[in-house]
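Here's the structure we're looking at; comments come further down.
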Amino acid sequence: MMKKLLATSAMALLLANVAQAESYVMITHTQGTDPFWPVVEKGAKDAAKAVGAELKYNFAPSGDMADMAKLIESATATKPDGLIVSLPDANALGTAIKAAADSGIPVITINSGLENSKKVGALMHIGQPEKLAGKAAGERAKIEGVSKALCLNQEAFNTALVDRCTGYFEGLGSELKMIDVSNDVAQIKTRTAAALSADKAINGLLAVGPHVCEAAAAAIDEVGAKVHLSCFDMTPGVIKLIKDGKVKYTVDQQQYLQGYMPVIVLHLYKTNAGMLPGANIPSGPGFVDAKNAAAVEAQAGTTR
């Protein structure tokens, strides 16, 4: 009888602990085709495991901002202990995020939307200062001989990607030239090849996503052009292109941190009477090129 009583008590305690587990929801913008986001998701899940929390990750397969806003509204209704959201379009997502914050749910924005994070009620932002990152890439491209460039943007609505392109051309000291290549790899290659064929003077390309980078390299080969190609973020394919000399460098924003850090911050906020860093957390930028590609190769697509 005593053993049964102890077993029952232990089970009740276990269930109570499970019921009290912290719960966090992460919602990001992606159509599921971008290899960038699984690394963010892994970071968030690793952090949740480290602190014993539950994490739900979601995105709108359509890539539509209205659908993403609905996901935020649905998550708010579940009353999680914290909400982590990317903010590519403050006009489309701001109302839903502000409603979550106003209801008492701590919100942290990640990746994109640094300039609008506070406006929508978020506690802080974790990500890369995108315009500065783009400017650094442009300044380096200028030193390396780029005189006429084109920026390939796969999400024309995304303010972070526009900032990358804008910064790049500021670094070059020339007027912004950006095209929408879509998120479809076949379309990216076709549109890039068409642009290079239409203007033979283009000697520099910036691809603001890793899959865009790989498709752009294929387009350059197809056209037979001699073009300085630089990129943002990493995949094993991008690292190979760097090692093969087809990509000069990629900008690493360490997206694993964009998943990991907000869960840790929200955990500390909840369990330590509102403990919070005194500033936003920049996750990048840093350059990966032929000199250090081998050192980070094993992490590409996993934690970088």
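The values are calculated or read from the model by the stated rules, or taken from the named source; none is laboratory data. As the structure is a computational prediction, the values presented were derived from the model and not from experiment. A quick note on method: Cβ atoms are made from the backbone with ideal geometry, for glycine too, and the neighbour counts reach across all protein chains shown. Surface areas here come from the heavy atoms of the whole protein model, side chains and all, with no ligands, DNA or RNA. Shrake-Rupley method; radii C 1.70, N 1.55, O 1.52, S 1.80 Å.
Say each of residue 240 and residue 289 gets a label point 7 Å from the Cα, pointing the same way as Cα to Cβ; how far apart are those two points in nm?
If labels sit at residue 240 and residue 289, their model points lie 2.4 nm apart.
What area, in nm² and to one decimal, does the C-alpha convex hull of the chain cast on average over all directions? It would help to have the intermediate numbers written out before the result.
Working: hull surface 72.5 nm².
Here the figure is 18.1 nm², rounded to one decimal.
Please list 3J(HN,Hα) in residue order for the range 134-147, calculated via the Karplus relation 6.51 cos²θ - 1.76 cosθ + 1.60 where θ = phi - 60°; whole Hz, with x for glycine and proline.
x, 5, 4, 5, x, 4, 5, 4, 5, 4, 8, x, 6, 10
Taking 8 Å as the Cα distance limit and 6 or more residues as the minimum spacing, I'd like the relative contact order of the chain as a percentage.
Details: 628 pairs, mean separation 58.3, N = 304.
Answer for the chain is 19 percent.
Can you work out the accessible area per residue across the chain, with the rest of the protein chains kept in place, probe 1.4 Å, in square angstrom? Mind showing how you got there, number by number?
Numbers: 13500 Å² over 304 residues.
Here the residues of the chain average 44 Å² of exposed surface.
Per residue of the range 237-244, what does 6.51 cos²θ - 1.76 cosθ + 1.60 with θ = phi - 60° give for ³J(HN,Hα)? Whole Hz please, x for Gly and Pro, Karplus curve as stated.
Using θ = phi - 60°, the values come out as x, 5, 4, 4, 5, 5, 5, 7 Hz.
Could you pull out every one of the lysines with an alpha carbon less than 28 Å from that of residue 56, ignoring same-chain neighbours closer than 8 positions?
Qualifying lysines at Cα under 28 Å: 42, 45, 70, 79, 98, 118, 119, 270.
Can you give me the relative contact order of the range 120-233 as a percent, contacts being Cα pairs under 8 Å and 6 or more apart? Can you show the working numbers first?
Values: 206 pairs, mean separation 31.9, N = 114.
Computed value for the range 120-233: 28 percent relative contact order.
Please report the equivalent ellipsoid semi-axes of the range 145-304, computed as sqrt(5 x eigenvalue) of the Cα gyration tensor, largest first, in whole Å. Walk me through the numbers before you get to the answer.
Numbers: eigenvalues 203, 62, 38 Å².
They are 32, 18, 14 Å, listed largest first.
Kindly state, as a whole number, the per residue volume in cubic angstrom of the convex hull around the alpha carbon atoms of the range 145-204.
Numbers: hull volume 4.5 nm³, N = 60.
Residue-normalised Cα hull volume stands at 75 Å³.
Using the crude model of +1 on Lys and Arg Cβ and -1 on Asp and Glu Cβ, and no other charge, please compute the dipole size for the chain relative to its Cα centre, in debye to 20. Write down the numbers at each step before the final one.
On the way: 29 positive and 30 negative charges, 122 e Å.
Using only the charged Cβ atoms, the result is roughly 580 debye.
With 10 Å bins from zero, work out the P(r) of the range 199-252 over every alpha carbon pair and list the percent per bin.
All Cα pairs, binned at 10 Å, distribute as 28, 60, 12, 0 percent.
For the range 206-249 and the range 258-298, what is the separation of their Cα centres, given in Å?
Value for the Cα centre distance between the two parts: 26 Å.
At 222 nm, what value in deg cm²/dmol follows for the chain if DSSP H runs of at least 4 each add -39500 (n - 2.57) and the sum is divided by all its residues, to the nearest 500? Numbers along the way, then the final one.
Numbers: 11 runs with 144 residues, N = 304.
Helices in the chain give a 222 nm mean residue ellipticity of -15000 deg cm²/dmol.
Taking the chain as the reference, fit the longest principal axis to its C-alpha atoms, fit the long axis of helix 185-198 to the helix C-alpha atoms, and give the angle between the two in degrees, 0 to 90, nearest 10.
Helix 185-198 sits roughly 30 degrees off the main axis of the chain.
Quick one: net charge of residue 182's neighbours, Cβ under 15 Å, K/R +1, D/E -1?
Numbers: positive: 189, 191; negative: 34, 64, 155, 180, 184, 214.
Around residue 182, the surrounding residues sum to -4.
Rounded to the nearest whole Å³, what is the per residue volume of the convex hull around the Cα atoms of the range 253-301? Walk me through the numbers before you get to the answer.
Numbers: hull volume 4.1 nm³, N = 49.
In the range 253-301, the Cα hull volume divided by residue count equals 84 Å³.
So, with a 1.4 angstrom probe, what is the percent of accessible area on the chain that is carbon and sulfur? The partial results should precede the final answer.
Numbers: 7700 of 13500 Å².
Here it works out to 57 percent.
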